[in-house]
Amino acid sequence: MVVRSTWVWLLAGLGLAALSQYIQFVSGIYGAVAPYSVPLADLVVLGILGGTAATGFSVRKWWQQVHRQQTLPTQGRKPLRRLKLTPDQVQSDLEDADRLIQKLENDINRRALQAKIQDIDRRLSQEELHLVVFGTGSAGKTSLINALLGEPVGVTAPTLGTTQQGSIHTYQLPGLSSPIALTDTPGLLTIGGAGETEARSLAQKADLLIVVVAGDLLASEYAELIELAQLGKQTILALNKTDQMLPEDVETILTHLRRRTAGVIPPEQVVAIAAAPGPLKVRYCFEDGSCRETWEPQPPDTASLIQKMARLLQQKGSHLRLANALLQTQTLTAAAQKALQEERNQRGRQIIERMQWATAAALAVTPMPALDMVAGVAIQARMIGELHQVFDRRITLRQAQQAAQSLAQILVQLGGMELATQALGSLLKASPLALMGIPLQAVSGAYLTRVAGLSYLEWLQSGDPWQEEDMQQRVKQQLHNHRPLAFLTQLARQARSSG
């Protein structure tokens with residue numbers, strides 16, 4: 001606050017100084033012209049003041065336009081026109097995902113992801129639309145399914161968690177030729193949370209999502225809506241059980257729901273329904289003067305929801321189906337990339353462990369200490385080449401050798417060799433490796449090979465361009481993360497198994 005106040009006073013002082021200079025300038029002009037003609041002097045001064053005001057107005061308008069463009073990039077502009085989504089585009093992405101999955105070596109993961117590819121491909125070849133009913137337990141999801149289908153297909157109850165797993169039903173919407181798979185989901189916030197994961201998974205696969213609430217949105221319901229909206233899910237919000245509310249209360253709640261979901265759900269897609277209205281008490285009076293009261297069932301009130309579903313699916317059904325297939329493909333691609341990254345990381349670590357032991361073996365039989373560095377760099381170059389093969393990245397032998405030399409130089413600059421020798425020297429005396437006759441230089445070389453390999457593996461995974469400073473930080477972090485004692489324990493275990 002003190003710094004800001006200082007700047008305000010400084011700018012105010014500069015403004016006053018500029019104003020004083022301007023007044024002196026205008027006064028000088030007036031004094032020079034007035035002795036010859038006072039009217040002319042007045043006219044000149046008025047011209048100067050008018051020109052100054054016009055210039056100030058123009059500058060102010062220009063600054064406002066620039067500021068508006070910088071601070072409000074989405075307001076006052078027409079949104080960029082989205083290209084029409086086509087089946088060929090989705091199919092192309094699906095083929096890219098399949099090629100990525102083919103690179104997986106784990107047969108179980110590859111088969112599971114390929115099954116999902118086939119499921120998406122099958123849905124693309126069909127015209128069926130997938131509607132998912134989603135919401136908290138006992139909000140009336142199953143009652144809505146029963147009302148839409150015109151027959152009871154699911155159990156309803158006033159308790160939470162009546163629906164324990166997803167169920168799919170075939171539904172034909174009036175005025176729409178495409179068949180619809182209507183899915184009921186387990187409720188959120190059920191006791192023990194059973195089925196919540198399945199409900200979210202089904203919701204994420206929906207072409208159109210119907211979220212059922214029985215009142216105002218809970219914080220958990222709102223969070224789910226935001227997450228699904230970020231996935232691009234088209235959603236209808238249905239306020240259920242309105243038969244239990246006063247008409248003015250229904251309008252108040254609808255207004256509040258539309259306000260809370262503004263920017264997530266269009267206001268016209270927030271509707272009121274009564275999926276399973278309670279029976280109405282009716283009194284019958286007869287000619288003999290007797291009367292009889294009875295409770296008569298009432299039909300579901302879902303007309304507004306059906307109308308909104310029909311309009312959305314007639315106008316956007318094909319696009320919603322393609323957009324959902326594209327989303328599922330992108331999700332599948334991300335899962336394949338993660339699985340491939342984990343596989344490559346595991347294979348890379350196996351290469352590093354093999355090469356660190358090879359370094360130990362090579363340095364143990366090297367007769368001249370001067371050849372230690374040469375042997376270590378040669379093995380690291382081979383290690384780098386194999387790591388590149390794992391990541392499908394081409395590298396020449398010369399490039400691998402240069403990278404290995406760079407890593408060796410970084411280790412020298414960071415004092416890695418001295419640190420390894422000092423730390424491992426004291427620890428090696430009590431290690432089984434000493435009894436096995438493995439010299440300190442072999443253990444140190446293996447340790448540094450591991451540090452260099454893990455640093456290089458991390459760089460390959462990042463996809464960043466090669467930078468010496470960045471690699472120095474990676475090596476420094478690996479030296480900090482991998483303590484010599486843990487390394488000695490691992491190396492001793494490898495030595496016993498090899499022997």
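Answer yes if at least one residue in the stretch 332-355 is surrounded by 14 or more Cβ atoms within 10 Å (Cβ to Cβ), polar (S, T, N, Q) and at pLDDT below 90, and no otherwise. The answer is no; no qualifying residue exists. Considering only the stretch 74-94, I want to know if a residue exists there that is over 24 Å from the mean Cα position of the chain (by Cα), farther than 30 Å from P174 by Cα and at pLDDT 90 or above. The answer is no; no qualifying residue exists.
Scanning the stretch 211-243 for residues that are within 23 Å of the chain's Cα centre (by Cα) and surrounded by fewer than 17 Cβ atoms within 10 Å (Cβ to Cβ) gives A219, S220, Y222, A223, I226, E227, A229, Q230, L231, G232.
For the stretch 215-243, filtering for residues that are modelled with pLDDT under 90 and in a helix (DSSP H, G or I) leaves 12.
Only one entry of L427, L435, L419 meets the criterion of being touching a Leu at 6+ places or on another chain (Cβ under 9 Å), at pLDDT below 90 and more than 19 Å from Q472 (Cα to Cα), and that entry is L427. Applying the criterion of being assigned to a helix (DSSP H, G or I) and touching a Ser or Thr at 6+ places or on another chain (Cβ under 8 Å) to the residues of the stretch 300-331, the residue that is surrounded by the fewest Cβ atoms within 10 Å (Cβ to Cβ) is L322. Within the stretch 392-408, the set of residues being assigned to a loop (DSSP other than H, G, I, E, B) and closer than 18 Å to Q467 by Cβ comprises R393, I395. Would you mind stating whether L246 is within 36 Å of the chain's Cα centre (by Cα), free of Cβ contacts under 8 Å to residues at least 24 places away in the same chain and in the same structural domain as P152 (by TED's automatic domain parsing)? In short, no. The set of residues in the stretch 244-259 that are surrounded by fewer than 16 Cβ atoms within 10 Å (Cβ to Cβ) and of a type in the set (K, R) contains only R259. Scanning the stretch 250-289 for residues that are modelled with pLDDT of 90 or more and of a type in the set (G, A, S) yields A272, A274. Residues in the stretch 252-267 that are over 29 Å from the mean Cα position of the chain (by Cα) and either in a loop (DSSP other than H, G, I, E, B) or more than 25 Å from L208 (Cβ to Cβ) (or both): T252 only.
The values are calculated or read from the model by the stated rules, or taken from the named source; none is laboratory data. This structure is a prediction, so every number in the text was calculated from the model and none was measured. Here the Cβ is made from the backbone with ideal geometry for all residues, glycine too, and neighbour counts use every protein chain on show.
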